[in-house]
Amino acid sequence: MSVYDSLGVQTIINASGTVTRLGGSAMSETVLDAYQDAAREWVPLEQLQAAASKMIAQVTGAEAGLVTSGAAASLTLGTAAILARYDLSRMEQLPNTEAFPNEFVVAREQRSGYDHAVRVAGAKLVEVGFNEIVSGAGVRRTEVWEYEAAFNQRTAGILYVYTPDSQPALEAVVDLAHHHKLPVLVDAAGQLPPRANLMLPSMTNADLVAFSGGKAIHGPQSSGLLCGSKDLIASAALQMLDMDDHWELWEPPPDFIDRRKIKGMPRHGIGRSMKVSKEEIVALITALAIFASEDPKAKNDSHRGNLQLIVEAVEGPTVRCELIDSAGEERTPILEITLSAADALEICRGLRKGSPPIYVGHGKLAEAKLVINPMCLDRNAADTIARRLRKELEHYKPSLD
Ligand SMILES: *Cc1c(COP(=O)(O)O)cnc(C)c1O
């Protein structure tokens, strides 16, 4: 009997990928072993974070890194670091930021629910640009001059949400920001793979970059990374770690937190509610080492095989299957199934209501598409999806046949 059975909670087949709503990613046996080993002993957390920082620096090319409780927490801590730096009084005031620069400039088209994570530290978002392509009223994206026009005495930094399509290019925004001595905080939570994106901090000179640990890195679901400049990472660590110690006794590793840069010992900071356990730190670092060193080719080949199984079961005159697959690149292949006779929302609902419940990607229902993300599927699960999807589609009497 599984732990979920004993709680009376039904397990599902997750064809949506490593989404938080369904439990994120799965940890490998190696990562679970590391988690268990870590849970059996004790270490001062700042020393463990300092060791993690060195490892994160190696794989990202950043000066330093911090294990956080998720990319959203990384955004909050990164914002807190930019707002307060080494100023103890500011650390204590957050999220009250009336007395110092608190504006973060962000492209209107890059706003989402995740920017709560930036606002919660006390930042005030100042939008630039328009979303005129989505509104159907124009053809242009946000431009560099629009950022510059928004800078003033109250500007603290820039929030940038990175995707391969983000405009203007991150490098151009970083150049402009640094010209004005402003830092750039980048949300790249879900932008792995490709592994090359781990190097975003060093490739783009961005000051801080946030990644999720519970997505493709396959670390603990509630883990994340913040990587970037040494001073900002130290400030973020100071505002997250448990600070209940004596200044006279407290000895953080000096290459992680340099005591000489602060006037005293801050109290628990705004990030204290985002604490990370020793087990999670060790598990994430273990998962990160595997992710950074492993060629995903074999995994992607296996994903392709699983998706092909579904294609063969359901493809037909009113069911079009398209494999979104950038061969040669590291991105995970994705299957899009376009239904021209059946109602995609109803099929989605039917799959969720069956046994076991199947959750397919629902991001393109408005285009009559079901999306199958293979990251959390094995052969058996793919078989079940193929069979159940075929059955759901049989309910539909195609109006044109
Ligand atoms: C997933 C995601 C987040 C949140 O990441 P967590 O690790 O779940 O906190 C933030 N921003 C974007 C763009 C994401 O895709």
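Here are the numbers for this structure:
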{"read-out": "Relative contact order of region 42-293, pairs being alpha-carbon contacts under 8 Å that are 6 or more residues apart, as %", "value": "29"}
{"read-out": "Contact order normalised by residue count of region 148-216, Cα under 8 Å, 6+ apart, percent", "value": "32"}
{"read-out": "Rounded accessible area per residue of region 42-293, 1.4 Å, Å²", "value": "43"}
{"read-out": "Cα centroid of region 185-245 to Cα centroid of region 337-401, whole Å", "value": "35"}
{"read-out": "Within straight-line cross-link reach of residue 263, aspartates and glutamates at Cα separation under 14 Å, skipping those fewer than 8 residues along the same chain", "value": "87, 92, 248"}
{"read-out": "Table column - 3J(HN,Hα) (Hz), region 163-176, Karplus curve with 6.51, -1.76, 1.60, x for Gly and Pro", "value": "9, x, 9, 4, 10, x, 4, 3, 4, 5, 5, 5, 4, 4"}
{"read-out": "Most mobile of 235, 212, 135 in a GNM of the chain (Cα contacts under 10 Å)", "value": "135"}
{"read-out": "Other-chain or far-sequence residues with amide H under 5 Å of residue 128's (modelled H)", "value": "106, 107, 108"}
{"read-out": "Solvent-accessible area, 1.4 Å probe, carbon plus sulfur percent, for the chain", "value": "51"}
{"read-out": "Within a Gaussian network of the chain (alpha carbon springs, distance under 10 Å), most fluctuating of 262, 133, 281", "value": "133"}
{"read-out": "Span from the region 139-165 Cα centroid across to the region 309-333 one, whole angstrom", "value": "37"}
{"read-out": "Peptide ranges 36-45, 239-248, 75-84 listed from the most packed, as the mean C-beta count within 10 angstrom indicates", "value": "75-84, 239-248, 36-45"}
{"read-out": "Region 152-296 shape via C-alpha gyration tensor axes, a/c threshold 1.5", "value": "oblate"}
{"read-out": "Spatially proximal aspartates and glutamates relative to residue 278 (Cα-Cα < 15 Å; intrachain offsets below 8 disregarded)", "value": "33, 37, 41, 46, 242"}
{"read-out": "For region 42-293, the Rg and Dmax computed from alpha carbons only, in angstrom", "value": "17.5, 62"}
{"read-out": "At most 14 other Cβ within 10 Å, DSSP loop - GluC sites (Glu not before Pro), region 309-370", "value": "315, 329"}
{"read-out": "Accessible-area value, residue 359, 1.4 Å probe, nucleic acids and ligands omitted, Å²", "value": "60"}
{"read-out": "Exposure of residue 35 as accessible area (Å², to 10), given a probe of 1.4 Å and all protein chains", "value": "80"}
{"read-out": "By accessible area with a 1.4 Å probe, ligands and nucleic acids excluded, highest first: order of 321, 227, 376", "value": "376, 321, 227"}
{"read-out": "Cross-link reach list, lysines versus residue 364, counting only Cα pairs under 27 Å and skipping chain neighbours closer than eight places", "value": "215, 297, 299, 353, 391, 397"}
{"read-out": "Largest-first principal axis extents, alpha carbons of region 73-160, Å", "value": "46, 26, 17"}
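The values are calculated or read from the model by the stated rules, or taken from the named source; none is laboratory data. On a predicted model such as this, the values are computed, not experimentally measured, just so you know. Cβ coordinates were reconstructed from backbone atoms using ideal geometry, including for glycine residues, and neighbour counts include every protein chain displayed. Surface accessibility is based on the protein's heavy atoms, side chains included, excluding ligands, DNA and RNA. Shrake-Rupley method; radii C 1.70, N 1.55, O 1.52, S 1.80 Å.
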